[in-house]
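Shown next, in structure tokens, is the structure this report addresses.
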Amino acid sequence: MEALEQIKARVEAAVPAAKIEIVQNASPSQQHSLMIDNEHARDVAKWLRDDPALRLDFCSDVTGVDWLDRTLKKTIKVKKVVDGEEKEVTETTEEKIPGYIEAVYHLYSMTHKHGPVIIRMRTPDRGENSRLPSLMPIWRSAEFQEREIFDLYGVKFDGHPDLRRILMWDEFEDYPMRKDYREPDDYEYEPTPHDDVVEKAKRYYASRPQSDGAEGIVEGAKPA
Amino acid sequence: MSATVETLEAMERPPVSMGSRLEGELLEVSMGPQHPSTHGVFRMNVALEGEIVRKLKPVFGYLHRNHEKIGENTSYLGSMPYTDRLDYFCSMTNNWAYALSVEKLAGIEVPERAEYLRVILAELTRLQNHASLLGFLLNDMGAWGTPLMYAFREREKILDLFESLSGSRMMCDYMRFGGCRVDASPEWLDYAKKIVDRFPRFVDELEQLIVGNEVVIARTQNVGNVSAELAVSAGITGPMLRACGVNYDLRKVDGYGFYPRFKFRIPLGEHGDTYDRLMMRLLEMRESVGILRQAFEQLPSGPIINPKVKIRAFRPPVGEAYGRIEAPKGELGFYLISDGGPNPYRYRVRPPSFINLTILEDMCLGHTVADVMVILGSVDIVMGEVDR
Amino acid sequence: MIGTGILKGMAVTARNFVGSYFDKERLVTVQYPEERNPLPENYRNFPFLIYDGDDAHAGLRCVACKICEKECPPQCIYIVKSEDKKPDYMGKPQFYPKVFDIDVSVCMSCQICVEVCPFEAIKMDKDFELSTRERFDALLMRKDALAKSNDYYRRISPSDAREVDAKLAAAAEAAAKKKAAAPGAMPPAAAVPVASN
């Protein structure tokens, strides 16, 4: 299979208005991905499926990933004039990246038996604008998986014929897999609470005794 | 919701000779979550016209345990026992898929003996999964438990093997990143070889019981046909895809885990109906026995785990990876995004049973209610995987 | 002739039925609880704590390091460290757990606590006949129910117990040698014996 840069070049030649970037993957798996803009995603996907050399007809996995607002600190070396001399100084810049939800598609080819080609789409923000074009008209396997992303992350897919909740019940509100999901305020008795669960537990019942009769054990005596 | 015959599309309407009798509404039946034949808590809302299915909408989520969110709050090693519980019939292959994804993410090498052990256990898992599937399918067709008990008899032998190796019959928690947890002693290998040598006799018996049986043929041939294009587009994998004639088996395509060293064939079907799916599993059982025999001969000695991998405080580098294997039910994949911490940032399971259910409606339209059970049985779902 | 397939299937069933009177392999029913299948040595059920010797408090190997509590995936272990110390098998004073609870309804027998324990203090039990008559209190196993002696461990897993004993004896020897070889060292302290009877 050809390299990702070649694929990118050919896609840009075929769908001229599309804006594609390569997202590097730092891990040893070397699975880099193409980020596609939302307007032309469907055209790009159709081209990827129909191109005779690639023929990516098998969409294996559709994943939703939630990214909150992040600040990236970068340290760069800059030449600055300090006390009349030019010196190299390290400066830290902060870059604020607003949050978004992205959908990652892993594409393989059953005819040519190669892959994966990974494409990503990002929503403009995590609020009312969290919409993405649905790639279900191109790959039928996205049907249930896009419904799952809608159910668990709250991303609406335009063009999906049957977008409703799939794993949670229909009257459920809020989106469980988001990073800022707050659990409902119901609580059951838990005999071995840990860390932050202990705080919640204290509100609902009296804190458990810290000893269980262990203070009654004398060294050398047989256990009861 | 009540649809009438007139609101259906022209191609969905019944033939004219029946139309004069049927002018009523469609009957909505919920083949509900509590059902002896739905392979777990699975619900199907079917709209029936007499006995013929006109619409079918599956409803899942009854076994949703939010495995993916738990994975984000648990360390990488701590998620390994949770993966056992995804497809609870085949815990070894679930473990292998997860270990493979983490090994891809962190670039960990696996020693030879460990890979051979993994192949042996995965093929044993495939044997017992296909055997119990055939038993369950025949049970759903009304065979009153006899083939099921024969299949379970063989399955018990394989589960005894798992128990003496890993400590537990079904929730084995056996694979680790960079190898396996426990070494297989020579006694265990002898015992396993004996069981594998006796297995083809069981497959012969099962074949004699099922394949020529007129009732099975009448109930499964030309029922639930799937065309190859629909299967590829819908992301179907596993024996269901190969029954449609598409030659795509991850053991040959990806060649993970030393599978290229073994000689085995891939059975392919022609019609894509239930009978082909049933035969796929029978033939795959025979191929698995062949792979097992070769693996037992070629098994080298050596370490079973990569000593450089830490058990506690395991932090893979920043990045992401998607690793997949050919589980008995289809392509099981894990997609992991790491941010350098001890817990994964995103942990996603690509469940084969969930995706294979995409075309359940297409397969069942126009068939009777009794066929729906047979078709569902041949898709081979396990709710632990569908709902995670 | 139609029906030959069904007749062949019936021959298989008949062979299995008649054969179950003669062939051990075809009769697989085990009349539990009168007969029991022997459990393999690797079989694991819930964890338990080990103490050396006869005293469940003085010989307890656990030093309340809380590693198992942290690594446990469903977080079913609850440990409270003691304020004082007691000597361990090498004579060094160590903390001990004042409270050590395992919520058995949550524990999934994954064995990760055994893998990460650096002191060989927690191992997997084999007892699965644990039914009780009450629902909630009996599902929390406290320290006195969990602490079992090393002899019990030797009985249920002989080869694992042998390895653990050898490892601990080697560590005790190495520590004693180091103490004796250090310049101006005190005579080696009387260590609590490890492999007592």
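I'd like to check which helices (runs of 4 or more DSSP H) are fully inside the range B:76-170 and have at least 3 residues that are touching a strand residue (DSSP E or B) at 6+ places or on another chain (Cβ under 6 Å). I'd like the intermediate steps shown before the answer.
Working: elements: B:79-84, B:91-106, B:112-140, B:146-166.
The qualifying helices (runs of 4 or more DSSP H) are B:91-106.
Give the range C:104-138 a look and list any residue that's in a helix (DSSP H, G or I), within 24 Å of B:Thr74 (Cα to Cα) and not charged (D, E, K, R), or say none. If the condition is that a residue be in a helix (DSSP H, G or I), within 24 Å of B:Thr74 (Cα to Cα) and not charged (D, E, K, R), then C:Ile112, C:Cys113, C:Val114, C:Val116 are the ones that fit.
If you check A:Ala53 against the conditions, is it more than 30 Å from B:Ile108 (Cα to Cα), part of a loop (DSSP other than H, G, I, E, B) and out of contact with any His (no Cβ under 7 Å at 6 or more places or on another chain)? In short, yes. Among the residues making up the range B:335-362, those that are more than 16 Å from B:Gly235 (Cα to Cα) and of a type in the set (Phe, Trp, Tyr) are B:Tyr335, B:Tyr345, B:Tyr347. For the range B:282-299, state whether one or more residues are surrounded by fewer than 17 Cβ atoms within 10 Å (Cβ to Cβ), within 12 Å of another protein chain (Cβ to nearest Cβ) and not β-branched (Val, Ile, Thr). No, the range B:282-299 contains no residue that is surrounded by fewer than 17 Cβ atoms within 10 Å (Cβ to Cβ), within 12 Å of another protein chain (Cβ to nearest Cβ) and not β-branched (Val, Ile, Thr).
When C:Arg15, C:Arg36 are checked against the criterion of being assigned to a helix (DSSP H, G or I) and free of Cβ contacts under 8 Å to residues at least 24 places away in the same chain, a single residue qualifies: C:Arg15. Looking only at residues of the range A:124-154 that are farther than 21 Å from A:Leu48 by Cβ and touching an Asp or Glu at 6+ places or on another chain (Cβ under 9 Å), we find that the one that is farthest from the other protein chains (Cβ to nearest Cβ) is A:Arg131. Just wondering, is there one or more residues in the range A:104-111 that are within 13 Å of another protein chain (Cβ to nearest Cβ), assigned to a loop (DSSP other than H, G, I, E, B) and crowded, with 16+ Cβ neighbours inside 10 Å? Yes: the range A:104-111 contains one or more residues that are within 13 Å of another protein chain (Cβ to nearest Cβ), assigned to a loop (DSSP other than H, G, I, E, B) and crowded, with 16+ Cβ neighbours inside 10 Å. The one condition from (1) under 30 Å from C:Ala180 (Cβ atoms); (2) touching a strand residue (DSSP E or B) at 6+ places or on another chain (Cβ under 7 Å); (3) within 11 Å of chain B (Cβ to nearest Cβ) that C:Pro118 does not meet is (2).
Filter the range B:224-265 down to residues that are among the aromatic types (Phe, Trp, Tyr) and part of a loop (DSSP other than H, G, I, E, B) and give me whichever is surrounded by the most Cβ atoms within 10 Å (Cβ to Cβ).
First, pick out the residues of the range B:224-265 that are among the aromatic types (Phe, Trp, Tyr): B:248, B:256, B:258-259, B:262, B:264.
Filter once more, so that each one left must be part of a loop (DSSP other than H, G, I, E, B): B:248, B:256, B:258, B:262, B:264.
Details: B:Tyr248: 23, B:Tyr256: 20, B:Phe258: 15, B:Phe262: 17, B:Phe264: 17.
Among those that are among the aromatic types (Phe, Trp, Tyr) and part of a loop (DSSP other than H, G, I, E, B), it is B:Tyr248.
On inspection, B:Glu326 does not qualify as at the interface with another protein chain (Cβ under 9 Å from one of its Cβ atoms) and among the acidic types (Asp, Glu).
Listed by position, the strands (runs of 3 or more DSSP E) contained in the range B:289-378 that have at least 2 residues being modelled with pLDDT under 90 are B:319-327. Hey, any hits in the range B:129-143 for a residue that's of a type outside the set (Gly, Ala, Ser), within 14 Å of chain A (Cβ to nearest Cβ) and touching a helix residue (DSSP H, G or I) at 6+ places or on another chain (Cβ under 7 Å)? The answer is no; no qualifying residue exists.
The values are calculated or read from the model by the stated rules, or taken from the named source; none is laboratory data. Predicted, not measured: the structure shown is a model, and the values here were computed from it. So basically every Cβ, Gly included, is an ideal-geometry build from the backbone, and we count neighbours across all protein chains shown.
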